[in-house]
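Enquirer: Sharing a structure here in structure tokens format.
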Amino acid sequence: MMVTILDIIIAGMLLGGIYALIAVGLSLQYGVARVLNIAHGEFIMLGAFITWTLYTAFGVNPLLSLALCGPTLFLIGYVLYIVLFSRLRVRAASPGAYEGNSMLACFGLLFIIQNLAILIWGADIKGYSFFAFPVDFAGARFAANRLITLGFAIVIGLVFYLFLARTRLGKAIRASAQEPEAAGLMGVNIDRVLALCFGLGALMAGLGGALISMSYKIQPTMGLEYTMIALIVIVLGGLGSIPGSFIGGFLLGLVGSIVTYVEPGLALVAYYVIFMMVLLLKPKGVLGK
Amino acid sequence: MLEVENVSTMYGRIQVLWDVSLAVREGETVALVGANGAGKTTLLETVSGMLKPASGRIAFRGKRIDGLPSHAIVELGISHIPEGRRLFPEMSVRENLEMGAYLARVWKDKQEILDRVFQLFPILHARQGQLARTLSGGEQQMVAMGRGLMSRPSLLVIDEPSSGLAPLVVDEMFRIIETLRGEGIAILLIEQNVQQTLEIATRAYVLENGRITLEGASRDLLHEDLIKKAYLGL
Ligand SMILES: Nc1ncnc2c1ncn2[C@@H]1O[C@H](COP(=O)(O)OP(=O)(O)O)[C@@H](O)[C@H]1O
Ligand SMILES: [Mg+2]
């Protein structure tokens, strides 16, 4: 019995690491840049497929692909923000109108990226085997790739936290999230900071996707599920709170592993129920003030 | 130093400022007074780039600044301490102040400037680790003032620093402004305490319904009938 509980907790952490990473990405895009990026999962899918292609076609180590997916997706996100979202922001009549318009634009992106992916990679499920051998960890057995994923998620999360907490740019990001106009008065180029946040969100998605491809099957339509999960996590952790998203990711991972233990098919249903309950009972998030 | 010429500003189709002209010379303290809703805040926001004027021209040290974004205007040496303080609520006092030194050329000296600000506002030194939203109104205003000083501005534009504060804190605020004036920083000040403001300002402008209706040396304005009736309650 003890072992089972420990199993479930560890499995929850392993799942939670991924959730935390992709939720922090969405949190940057929505909480700071005010773009509810419905296509977040498609960026994750891109990271996964780039990694899969590099591994199966050229034998590139997926861990090396991480270092490639991050910057590539960052660039895509940054440029997208400059050419699309920053223009929408300037043209929008009000912040509310901007949120609506940018979300619709993301819907469009979702379909474009997904269809391009189907054209390039085909619609069927793919996967590869990397570090799939079992290891004993705290008395339970897990595939090595899951542990690698968790390790990377935690390291990336910590590095990012330190970046936000300590650096000049990190402080500018937080200031822009809290009082954008005042940040402008301090000399912060808001447009550039928001583009950076959108780019960093895409970077997190790319890293998340690369990590996901090591342990899970992937396909071009996989994105929506991850977008939903990231969305649920950022609501759980309190909108706009990056640490909240990180912790919320692990919380939801835990819920997922408990529900999966009882009835594997119900994990997504449970997430959705939690989402609704948080929205109705604690709209500022379980971890929010 | 600052020249505002025939500036008109609109919110959508509603015009709020009508052909406003105003100047601040090097090292001068200028007061801008006027009833609630006259357009004082709108004028300061137009100067600092938060709003774009519909027409007219604004120059700072000979360089045209209307139409520039606010991050480019602070770079030139104008620091706007906004109405309602606009602190970063979830950041510590220290981080709020550091954000004031965000400009690349200032950031490297931030510790030195921070020490200077802590000298002016000793209470902020004691509170530096606290989140800004947990401070009292007076302390928040001091953070806003300190933050505005961190960029080493040559012109400070201050919007109602004493609004909502207890009389003792208001006096403290005026003392600080006088200290800054003594250091040669030019100041454009909006204040509800017209008497106190006119006493520390060199010149003053009166804004009514978006138009400048009176201007002159503060000493003379203190004796102007209109000012006495409308703002000093005499
Ligand atoms: N964002 C806004 N949209 C529309 N009208 C505004 C806005 N802000 C201020 N106003 C209007 O502009 C006028 C001047 O406001 P303001 O500059 O804040 O005056 P003051 O600072 O002198 O009290 C007021 O009539 C106010 O209602
Ligand atoms: Mg005002």
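Enquirer: Using the structure shown, decide if A:Ala92 is surrounded by fewer than 18 Cβ atoms within 10 Å (Cβ to Cβ), free of Cβ contacts under 8 Å to residues at least 60 places away in the same chain, under 21 Å from the mean Cα position of the chain (by Cα) and within 14 Å of chain B (Cβ to nearest Cβ).
Expert: For A:Ala92, the condition - surrounded by fewer than 18 Cβ atoms within 10 Å (Cβ to Cβ), free of Cβ contacts under 8 Å to residues at least 60 places away in the same chain, under 21 Å from the mean Cα position of the chain (by Cα) and within 14 Å of chain B (Cβ to nearest Cβ) - is not met.
Enquirer: State whether one or more residues within the stretch B:28-41 are surrounded by fewer than 16 Cβ atoms within 10 Å (Cβ to Cβ) and away from ligand 2 (no atom under 16 Å from the Cβ).
Expert: Checked the stretch B:28-41: no residue is surrounded by fewer than 16 Cβ atoms within 10 Å (Cβ to Cβ) and away from ligand 2 (no atom under 16 Å from the Cβ).
Enquirer: Another question, if that's okay. On the given criteria, is B:Ile113 over 18 Å from B:Leu44 (Cβ atoms), more than 9 Å from every other protein chain (Cβ to nearest Cβ), open to solvent by less than 50 Å² (accessible area, probe 1.4 Å) and at pLDDT 95 or above?
Expert: yes
Enquirer: Please determine, by comparing only the residues of the stretch A:213-239 that are in contact with a Ser or Thr (Cβ under 7 Å, 6 or more places away or on another chain) and not hydroxyl-bearing (Ser, Thr, Tyr), which one is farthest from A:Tyr271 (Cα to Cα). Break it down stepwise before answering.
Expert: Going residue by residue through the stretch A:213-239, those that are in contact with a Ser or Thr (Cβ under 7 Å, 6 or more places away or on another chain) are A:213-215, A:233-234, A:237.
Next, from what is left, pick out any that are not hydroxyl-bearing (Ser, Thr, Tyr): A:214, A:233-234, A:237.
On the way: A:Met214: 23, A:Val233: 9, A:Ile234: 12, A:Gly237: 13 Å.
Looking at residues that are in contact with a Ser or Thr (Cβ under 7 Å, 6 or more places away or on another chain) and not hydroxyl-bearing (Ser, Thr, Tyr), I get A:Met214.
Here is a yes/no grid of residues against (1) under 19 Å from the mean Cα position of the chain (by Cα); (2) surrounded by fewer than 24 Cβ atoms within 10 Å (Cβ to Cβ); (3) closer than 23 Å to A:Gly16 by Cβ:
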| residue | (1), (2), (3) |
| --- | --- |
| A:Lys171 | no, yes, no |
| A:Leu185 | no, no, no |
| A:Ile190 | no, yes, no |
| A:Leu196 | yes, yes, no |
| A:Ala202 | yes, no, yes |
| A:Leu207 | yes, no, yes |
| A:Tyr226 | yes, no, yes |
| A:Ile229 | yes, no, yes |
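Enquirer: Would you please name the residue that is farthest from the other protein chains (Cβ to nearest Cβ), looking only at residues in the stretch A:173-183 that are within 19 Å of the chain's Cα centre (by Cα) and open to solvent by 10 Å² or more (accessible area, probe 1.4 Å)?
Expert: The extreme case among them is A:Ala177.
Enquirer: State all residues of the stretch B:85-105 that are at the interface with another protein chain (Cβ under 8 Å from one of its Cβ atoms) and open to solvent by 40 Å² or more (accessible area, probe 1.4 Å); if no residue qualifies, say none.
Expert: B:Arg86, B:Pro89, B:Glu90
Enquirer: Just to be sure I understand, how many residues within the stretch A:13-69 are in a helix (DSSP H, G or I) and either within 19 Å of A:Leu119 (Cα to Cα) or under 12 Å from the mean Cα position of the chain (by Cα) (or both)?
Expert: 32
Enquirer: A follow-up question, please. Hand me the list of helices (runs of 4 or more DSSP H) wholly inside the stretch A:179-289 holding 1 or more residues that are within 30 Å of B:Met50 (Cα to Cα) and touching a residue at least 24 places away in the same chain (Cβ under 8 Å).
Expert: A:190-215, A:242-262
Enquirer: Would you check if B:Gly34 is under 26 Å from B:Thr179 (Cα atoms) and away from chain A (no Cβ under 14 Å)?
Expert: Yes: the conditions hold for B:Gly34.
Enquirer: (1) more than 14 Å from chain B (Cβ to nearest Cβ); (2) over 14 Å from A:Val35 (Cβ atoms): which one isn't true of A:Cys197, the others all being true?
Expert: That leaves (2) as the condition not met.
Enquirer: Still on this structure: Could you pull out the residue among B:Arg64, B:Arg13, B:Arg57 that is more than 14 Å from ligand 1 (Cβ to nearest atom), over 30 Å from B:Gln196 (Cβ atoms), over 15 Å from the mean Cα position of the chain (by Cα) and without any contact (Cβ under 8 Å) to a residue 12 or more places away in the chain?
Expert: The unique qualifying residue is B:Arg64.
Enquirer: Going through the stretch A:272-286 one residue at a time, which ones are farther than 22 Å from A:Glu225 by Cα and at pLDDT below 85?
Expert: Those that are farther than 22 Å from A:Glu225 by Cα and at pLDDT below 85: A:Lys282, A:Lys284.
Enquirer: Just for the stretch B:159-190: of the residues that are in contact with a strand residue (DSSP E or B) (Cβ under 6 Å, 6 or more places away or on another chain) and within 16 Å of ligand 1 (Cβ to nearest atom), which one is nearest to the other protein chains (Cβ to nearest Cβ)?
Expert: Among residues in the stretch B:159-190 that are in contact with a strand residue (DSSP E or B) (Cβ under 6 Å, 6 or more places away or on another chain) and within 16 Å of ligand 1 (Cβ to nearest atom), the one nearest to the other protein chains (Cβ to nearest Cβ) is B:Asp159.
Enquirer: Consider the stretch A:106-127. How many of its residues are part of a loop (DSSP other than H, G, I, E, B) and either open to solvent by 80 Å² or more (accessible area, probe 1.4 Å) or in contact with a Ser or Thr (Cβ under 6 Å, 6 or more places away or on another chain) (or both)?
Expert: Summing the residues that are part of a loop (DSSP other than H, G, I, E, B) and either open to solvent by 80 Å² or more (accessible area, probe 1.4 Å) or in contact with a Ser or Thr (Cβ under 6 Å, 6 or more places away or on another chain) (or both) in the stretch A:106-127 gives 2.
Enquirer: From the residues in the stretch B:46-84 that are more than 9 Å from chain A (Cβ to nearest Cβ) and within 16 Å of ligand 2 (Cβ to nearest atom), which one is most open to solvent (accessible area, probe 1.4 Å)?
Expert: B:Glu83
Enquirer: Any residue in the stretch B:33-46 that is without any contact (Cβ under 8 Å) to a residue 40 or more places away in the chain sitting within a Cβ distance under 7 Å of a residue that is open to solvent by less than 10 Å² (accessible area, probe 1.4 Å) and near ligand 1 (Cβ under 6 Å from one of its atoms)? List the pairs, counting only those 6 or more apart or interchain.
Expert: Within 7 Å, no pair qualifies.
The values are calculated or read from the model by the stated rules, or taken from the named source; none is laboratory data. Computed from a predicted model, the values in this text were never measured in an experiment. We place every Cβ from the backbone using ideal geometry, glycine too, and count neighbours over all the protein chains shown. All accessible areas refer to the heavy atoms of the entire protein, side chains included, with ligands and DNA or RNA removed. Shrake-Rupley method; radii C 1.70, N 1.55, O 1.52, S 1.80 Å.
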